[in-house]
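All remarks here apply to the structure that follows.
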């Protein structure tokens, strides 16, 4: 089988991409070739995905490889190497540039056995994560779920010699079936969330209407019971977390751009709002989903300079905030 990958000579130049189709033998030779030490930003990187233009999640097309990064809470690389050899699993394993003897860090590449579309990457990653937990008792880096993610090739690391493991012809994992199962489970979870959120919206609206009526009836006899701003904000926060119509309205008021998709009826709908100003770092690499069943939060994608700076425990995670809080900070309530 042949595998098409994309190589980036300079990580800072996402337009400078070169597509190559190689055998698994050729891929393993490329990935495990020990190169002279070089600053990280000068190293060659690659992606298992092909791209239609500049590298981004929007332009990502298909991948035929499952790529795992193991950076945190890892087992000794020699132990994993032996385990993979005992399984006779077709794979390439190699330590990464930041690997040390004290803290082992490594990358595992396994043939996918099918063409995974970028739209299914989150389901593919969910299948990869479950397999890694069940088989290796480890969890891969969350950044691996990003179709636009690139991976550095092997370079000499002065803090620890590179360790690798290769089996060119061996057992395979049925990633296609595992991905289908995860996709089905995700769809069922989304439907369950939507039903629950409909109930929350109905209850919240009813409670707010009741509060307003009580306040109106008592505004002369009991002025202290008149509806307060904190009452209004409390219900607005609740609605912003579960009402798609309100979230779309907020996106417009925040001057967001929209990513669209077709629903089951063939209608074009707004699915994702992007480009509002983060109230913390004041930048615009931000987004939230119109449908709260995908996620009720708004996110800032500046991981190191925003999320990790304010909350070091969120290593590798986007900064998230309640949409109601975001609207409040922008003076939209």
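Can you pull out the residues in the stretch 163-179 that are in a helix (DSSP H, G or I) and touching a residue at least 12 places away in the same chain (Cβ under 8 Å)? So that I can check it myself, show each step before the final result.
We begin by selecting, within the stretch 163-179, every residue in a helix (DSSP H, G or I); these are 175-179.
Residues satisfying the conditions are 175, 176, 178, 179.
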Residue 50 vs. criteria assigned to a strand (DSSP E or B) and surrounded by 12 or more Cβ atoms within 10 Å (Cβ to Cβ): yes
Residues satisfying the stated conditions in the stretch 1-32, i.e. surrounded by 13 or more Cβ atoms within 10 Å (Cβ to Cβ) and assigned to a strand (DSSP E or B): 3, 4, 5, 6, 7, 8, 20, 22
Residue 290, sole failed condition from (1) at pLDDT below 90; (2) in contact with a strand residue (DSSP E or B) (Cβ under 7 Å, 6 or more places away or on another chain); (3) closer than 25 Å to residue 193 by Cα: (1)
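Condition test on residue 272, is it under 16 Å from the mean Cα position of the chain (by Cα) and assigned to a helix (DSSP H, G or I)?
no
Looking for something in contact (Cβ under 8 Å) with a residue 24 or more places away in the chain and either in the same structural domain as residue 191 (by TED's automatic domain parsing) or out of contact with any helix residue (DSSP H, G or I) (no Cβ under 9 Å at 6 or more places or on another chain) (or both) - is there at least one such residue anywhere in the stretch 266-273?
Residues of the stretch 266-273 that are in contact (Cβ under 8 Å) with a residue 24 or more places away in the chain, as a first pass: 273.
Next, from what is left, pick out any that are either in the same structural domain as residue 191 (by TED's automatic domain parsing) or out of contact with any helix residue (DSSP H, G or I) (no Cβ under 9 Å at 6 or more places or on another chain) (or both): 273.
Looking for residues that are in contact (Cβ under 8 Å) with a residue 24 or more places away in the chain and either in the same structural domain as residue 191 (by TED's automatic domain parsing) or out of contact with any helix residue (DSSP H, G or I) (no Cβ under 9 Å at 6 or more places or on another chain) (or both), one finds at least one in the stretch 266-273, hence yes.
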Selection status of residue 75, in a loop (DSSP other than H, G, I, E, B) and more than 20 Å from residue 316 (Cβ to Cβ): no
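Determine, yes or no, whether residue 104 is within 24 Å of the chain's Cα centre (by Cα), closer than 17 Å to residue 8 by Cβ and in a loop (DSSP other than H, G, I, E, B).
Values: within 24 Å of the chain's Cα centre (by Cα): yes; closer than 17 Å to residue 8 by Cβ: no; in a loop (DSSP other than H, G, I, E, B): yes.
Considered against the rule, which asks whether it is within 24 Å of the chain's Cα centre (by Cα), closer than 17 Å to residue 8 by Cβ and in a loop (DSSP other than H, G, I, E, B), residue 104 comes out as no.
Quick grid of which residues meet (1) free of Cβ contacts under 8 Å to residues at least 40 places away in the same chain; (2) farther than 20 Å from residue 5 by Cβ; (3) surrounded by 19 or more Cβ atoms within 10 Å (Cβ to Cβ):
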residue	(1), (2), (3)
35	no, no, no
63	no, no, yes
75	no, yes, no
78	no, yes, no
102	yes, yes, no
125	yes, no, yes
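The values are calculated or read from the model by the stated rules, or taken from the named source; none is laboratory data. Everything numeric here is computed off the predicted structure, so don't read it as measured data. A quick note on method: Cβ atoms are made from the backbone with ideal geometry, for glycine too, and the neighbour counts reach across all protein chains shown.
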